[in-house]
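First the structure, in the form of structure tokens, and then the observations on it.
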Number of protein chains: 2
Amino acid sequence: MDDISPIRAKSGTNQEGTSAHNRRVMIEALRLNGALSRADLARATQLTKQAVSNIIEDLESDGLVVALDAVRKGRGQPSTPYRLVPEGAFAIGLHIDRHLTRAVAVDLMGSVLARAEANLPFDEPSKGVEIILELIAGVRRDLAGISAQSEKRLVGLGVAMPGPFGLKDSDDKWMMPAWQKFPLLETLAKGTGLNVGLQNDAAACATAERIVGAAHGVDHAVCLYVGYGIGAGLILNGELYSGGHGNAGEIGMALLAPAGPGSTPLEHRASLASLYQHLGLNPADSDIYEQMNALVLAEDTKMMAWIDGAAHDLRWSVHLIETIFDPQTVILTSGAPEALARRLVEAMHPLLPSIADRPGRMLPRLQLGTTDPWSIALGAAAAPISRAFDPLFSAILKTSPGAA
Amino acid sequence: MDDISPIRAKSGTNQEGTSAHNRRVMIEALRLNGALSRADLARATQLTKQAVSNIIEDLESDGLVVALDAVRKGRGQPSTPYRLVPEGAFAIGLHIDRHLTRAVAVDLMGSVLARAEANLPFDEPSKGVEIILELIAGVRRDLAGISAQSEKRLVGLGVAMPGPFGLKDSDDKWMMPAWQKFPLLETLAKGTGLNVGLQNDAAACATAERIVGAAHGVDHAVCLYVGYGIGAGLILNGELYSGGHGNAGEIGMALLAPAGPGSTPLEHRASLASLYQHLGLNPADSDIYEQMNALVLAEDTKMMAWIDGAAHDLRWSVHLIETIFDPQTVILTSGAPEALARRLVEAMHPLLPSIADRPGRMLPRLQLGTTDPWSIALGAAAAPISRAFDPLFSAILKTSPGAA
DNA sequence: TGCATTAAGTCAACTCGCTTGACTTAATTA
DNA sequence: TAATTAAGTCAAGCGAGTTGACTTAATGCA
């Protein structure tokens, strides 16, 4: 953000930027529409048939798209649809949580091809990094067994971990203080030789919903993630928004009232950490997931009470989010078992009135997203893919580091 | 957003898009840095000297920039700095409020060159539009007296009025129901022959702060506007964010608590409307501004009580905004007298803790912005200028309607 | 059966805007 | 006075989308 030079200016662009943008537009169009012919693409992108032909030829020789069988649909020469090749690119995603870390390998379409997990020492990042590097190496080996070209086509490593990042030194047990100070990204970049990017867990969840979930093709969506903490992933104008310092959406610390006894952080009321505390569960238990599921299915009184309490605050969070962002939809995702997340969404209804309560809505105001515990790692992996292949403003600029 | 064609895709770009982007980058660089030589611009934008030379030549012949005297600064040939020409473009801004409407003409630098105001019938838009068209015509005449080329260089008409827009039919007295239904933009477009754009008052305020105020050159800022209602103008990634349906930032309807007795819209506690009600003032009084000012200067008990109450809720609003957006700064602007706004900002301190409370901050967490009652009209006028001259993603696309 | 119609896709020449590298201009410094 | 440094220009080059004519291959109608 802060330039070394005192002159502030955006970067210019040239034909390379044009070409990069158009390639990305093609890829996005194929991702959103499944398969399209060159003529379809030309109409949709407003480029000429010839320009599209050249770009598709390039993409095909790069192994990113393939032709399908020609289809006859009425008069005229049959069209040849093209679709993305899943094996056209791969990425590694890493999800670091308090007690556990997960790594996945995904392809261009966001399918998970390999996965691995391991326990993580909460307070010893230097040991933890070794475990992580081993985990990543394992996933890479698995991936290499699936596609011989995987290493060449690996576009990066995405890391997701609980935020917020870069605050004052803090010993807040909600965060992971030892990890906050450790030079994680540099170490991982050295250890893997890959481009490394970081986002918080909620942002990763939103990225996952955008590539393969409920936010696919939606340009304005907010993804509420109820994990150990709670956060919101913001998709604004079709891009993830990270704020001035990368901490946008870190609503766990949001106070529920301006002052007085109700002035509690949201995280203390509506997060799995608060649930564990309420129920006296130990988050380090290996069967914690099953314990929660059983309690929900049994309609355990204390569980139901927590759900009602959390729903009360989440309902209002949705109201505030709608009021502030005017999104097309809000998606609730969670690291909790699906039955629990479903009960939570049900308990949040009826929603509070807001500007989202408008005529002619296409999407529901609130929907249940994924509850797959691997989805954050998936979202982390989707981030480098998105950086490399989605049409972004930054991708046209001369300083753009991304490749496509 | 919703295409007629079932195929969804972004538009491609070509050399025209490249050129348009680079022109805009030059203009923005000159706006942010005052005056720069071609060599400076080449370094800042990462374009070649030659490319910059050609673009500057074009801009000069278009009357958008002029050369200043050459400056010697060390070895080498002296550089010739260029600066923007204020008379390079003009725009009209219109601020429609409940009882009053204001029109201004501004130049490329955002200086107000002409202004006019009139009372407006609250319930009769068809009569109101005639008044408005007359007002605009008057401002245009004044502008033509200042610059002979003004008509040729008029890039558009920006309209700001209280939102939210496009909701269910409502007779909420806080809104302007008759105006919501009236085809205002079409009528104004026909009546003036100009491109017309609409934003809500808080967004206009943020646009004004960005072009000539505290948000100049800041890419992540939120502008709280305390007017008859209350709203937030969101500047994210250097662009105004409007949400999925143009109502982002309409926080007046945000409930202050999830349920129960405290569940009041923010607008009922922290807006000038609530102040008028609290003090028993009549907003239609012509000297309402002076009345408020006198009460603040006299430290009137009821006034101070309102300030304390509003500050209580606003302090918390700032906390939530910081938590959700992670902006570089929050700017409080108001249609109230400066003394009142200043007291309000003072009463909001100390601010609540949030992620904005970080080490190494450059900008204050909260600052007082403009209290000029004309600033919304100014912001409305700045919008078409921004659309036409700022580097925007949409400006590189083939469908881009803006001119530069 | 045969020909007009329609649409996908290609060919080759063109244009536009940035790039390249050498060159000119004009100042400072030794 | 000559070397050095930096701004800015010149002219050829190149890459990517555009243009318009052409080819290919279906359908539909007589």
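Identify all residues within region A:29-53 that are over 20 Å from A:Ser386 (Cα atoms), surrounded by 15 or more Cβ atoms within 10 Å (Cβ to Cβ) and without any contact (Cβ under 8 Å) to a residue 12 or more places away in the chain; write none if there are none. A:Ala42, A:Arg43, A:Gln46, listed by residue number. The set of residues in region A:59-79 being more than 13 Å from A:Ser37 (Cα to Cα) and within 7 Å of DNA strand D (Cβ to nearest atom) consists of A:Gly74, A:Arg75, A:Gly76.
Among the conditions (1) of a type in the set (Val, Ile, Thr); (2) away from every other protein chain (no Cβ under 12 Å); (3) surrounded by fewer than 16 Cβ atoms within 10 Å (Cβ to Cβ), A:Ile92 misses just one, which is (3). Scanning region A:19-35 for residues that are in contact with a helix residue (DSSP H, G or I) (Cβ under 9 Å, 6 or more places away or on another chain) and small (Gly, Ala, Ser) turns up A:Ser19, A:Ala20, A:Ala29. Can you find a residue in region A:238-250 that is more than 7 Å from every other protein chain (Cβ to nearest Cβ), over 17 Å from A:Ala380 (Cβ atoms) and under 14 Å from the mean Cα position of the chain (by Cα)? There is at least one residue in region A:238-250 that is more than 7 Å from every other protein chain (Cβ to nearest Cβ), over 17 Å from A:Ala380 (Cβ atoms) and under 14 Å from the mean Cα position of the chain (by Cα).
Screening A:Arg24 on (1) without any contact (Cβ under 8 Å) to a residue 60 or more places away in the chain; (2) buried (at least 21 other Cβ atoms within 10 Å of the Cβ); (3) more than 13 Å from DNA strand C (Cβ to nearest atom) shows it passes everything except condition (1).
Among the residues making up region A:312-334, those that are of a type in the set (D, E, K, R), part of a helix (DSSP H, G or I) and at the interface with chain B (Cβ under 8 Å from one of its Cβ atoms) are A:Asp313, A:Arg315. Taking (1) more than 30 Å from A:Met253 (Cβ to Cβ); (2) at pLDDT 95 or above; (3) out of contact with any Phe, Trp or Tyr (no Cβ under 9 Å at 6 or more places or on another chain) in turn, B:Tyr276 satisfies each apart from (3). Test each condition in (1) buried (at least 18 other Cβ atoms within 10 Å of the Cβ); (2) more than 30 Å from A:Leu256 (Cβ to Cβ); (3) not hydrophobic (A, V, I, L, M, F, W, C) for B:Asp372 and report the one that comes out false. Condition not satisfied by B:Asp372: (1). Considering (1) more than 10 Å from chain B (Cβ to nearest Cβ); (2) more than 10 Å from DNA strand D (Cβ to nearest atom); (3) more than 30 Å from B:Leu47 (Cβ to Cβ), the lone condition that A:Ile56 does not fulfil carries the number (3).
The number of residues in region B:106-138 that are in a loop (DSSP other than H, G, I, E, B), free of Cβ contacts under 8 Å to residues at least 60 places away in the same chain and crowded, with 21+ Cβ neighbours inside 10 Å comes to 1.
Going by what's in this entry, would B:Arg43 be described as over 18 Å from B:Thr18 (Cβ atoms), within 9 Å of DNA strand D (Cβ to nearest atom) and more than 29 Å from the chain's Cα centre (by Cα)? Yes, satisfied. Restricting region B:151-169 to residues that are at pLDDT 90 or above and over 22 Å from the mean Cα position of the chain (by Cα) leaves a set whose member that is nearest to the other protein chains (Cβ to nearest Cβ) is B:Lys152. Of all the listed residues (B:Pro6, B:Pro78), the sole one being surrounded by fewer than 14 Cβ atoms within 10 Å (Cβ to Cβ), at the interface with chain A (Cβ under 9 Å from one of its Cβ atoms) and not aromatic (Phe, Trp, Tyr) is B:Pro6.
Within region B:27-42, the set of residues being facing another protein chain (nearest Cβ under 7 Å) and not small (Gly, Ala, Ser) comprises B:Glu28, B:Leu32, B:Asn33, B:Leu36, B:Asp40.
B:Gly12 falls short on exactly one of the conditions (1) assigned to a helix (DSSP H, G or I); (2) more than 9 Å from DNA strand C (Cβ to nearest atom), and that condition is (1). Of the residues making up region B:16-26, just one is within 9 Å of DNA strand D (Cβ to nearest atom) and more than 7 Å from every other protein chain (Cβ to nearest Cβ), namely B:Glu16.
Could you check, for region B:340-362, whether at least one of its residues is touching a helix residue (DSSP H, G or I) at 6+ places or on another chain (Cβ under 7 Å) and over 30 Å from A:Pro164 (Cβ atoms)? There is at least one residue in region B:340-362 that is touching a helix residue (DSSP H, G or I) at 6+ places or on another chain (Cβ under 7 Å) and over 30 Å from A:Pro164 (Cβ atoms). Among the residues of region B:195-223, those that are within 12 Å of chain A (Cβ to nearest Cβ), in contact (Cβ under 8 Å) with a residue 60 or more places away in the chain and within 22 Å of B:Leu266 (Cα to Cα) comprise B:Ala203, B:Ala221, B:Val222. Within the set B:Ala381, B:Ala310, the sole residue that is more than 18 Å from B:Gly231 (Cα to Cα) and at pLDDT 95 or above turns out to be B:Ala381.
The values are calculated or read from the model by the stated rules, or taken from the named source; none is laboratory data. Here the structure is a predicted model, which means the values were calculated and not measured. As a convention, Cβ positions derive from the backbone with ideal geometry for all residues, glycine included, and neighbour counts pool all protein chains shown.
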